[in-house]
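The values are calculated or read from the model by the stated rules, or taken from the named source; none is laboratory data. Since this is a predicted model, take the numbers as computed values, not measurements. Neighbour counts are summed over all protein chains in view; Cβ atoms, including those assigned to glycine, are modelled from backbone coordinates with ideal geometry. These area figures cover heavy atoms from the full protein model, side chains too; ligands, DNA and RNA do not enter into them. Shrake-Rupley method; radii C 1.70, N 1.55, O 1.52, S 1.80 Å.
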Amino acid sequence: RYRPANDVAGDEAAARARRVAIAWNLLGITDLVVAVALGFLSSPSHFELLSLSSPNALITRMPYVLIPTFAVPLSILLHIAALRRLRAHQSAPARATVTSATATPAM
């Protein structure tokens with residue numbers, strides 16, 4: 001079946017955009033995991049391995065405690081939702097488009 005060149009180029013651009021979006025979301029999740037790990041290792045606790053002379057005590061106070069307990073998990077869930085949606089669009093079969101020439105008029 002013949003496909004115009006702009007359709008093929010559009011498919012390639014969409015595939016590239018999907019790969020970039022997947023990489024962006026994976027990097028976002030990685031960034032959040034690293035930030036939480038560094039925050040955990042620098043906060044005053046038995047597991048404090050970083051910043052022994054000046055621990056990150058401010059993270060244990062309101063409103064900063066909401067960042068690791070609410071904002072980070074929400075951000076991770078949003079990244080996962082975006083990845084699932086990207087995967088669903090990738091695995092979905094190509095949908096046939098109905099043009100006005102082939103559509104039947106509504107009665």
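Kindly list the number of the only condition in (1) modelled with pLDDT of 80 or more; (2) part of a helix (DSSP H, G or I); (3) open to solvent by 80 Å² or more (accessible area, probe 1.4 Å) that fails for Met62.
It fails just one condition, (2).
Applying the selection to the range 86-95, what residues are of a type in the set (D, E, K, R) and either modelled with pLDDT of 85 or more or under 26 Å from Val33 (Cα atoms) (or both)?
Correct list: Arg87 only.
Modelled with pLDDT under 90, over 27 Å from the mean Cα position of the chain (by Cα) and farther than 20 Å from His79 by Cβ: is that true of Ser42 in this structure?
No; evaluated as a whole, the condition is false for this residue.
Being among the hydrophobic types (A, V, I, L, M, F, W, C), open to solvent by 80 Å² or more (accessible area, probe 1.4 Å), modelled with pLDDT under 80 and not in a loop (DSSP other than H, G, I, E, B): is that true of Phe47 here?
no
Which pairs do you get when a residue that is farther than 24 Å from Asn25 by Cα, found in the range 50-76, comes within reach of a residue that is modelled with pLDDT under 80 and hydroxyl-bearing (Ser, Thr, Tyr), reach meaning Cβ atoms under 6 angstrom, with the pair 6+ apart or on two chains?
Close Cβ pairs satisfying both conditions: Leu50/Ser42; Ser51/Ser42; Asn56/Ser42; Asn56/Ser43; Leu58/Tyr64; Ile59/Ser43.
Out of (1) over 24 Å from the mean Cα position of the chain (by Cα); (2) at pLDDT 85 or above, the odd one out for Leu83 is which?
(1) is the only condition that Leu83 fails.
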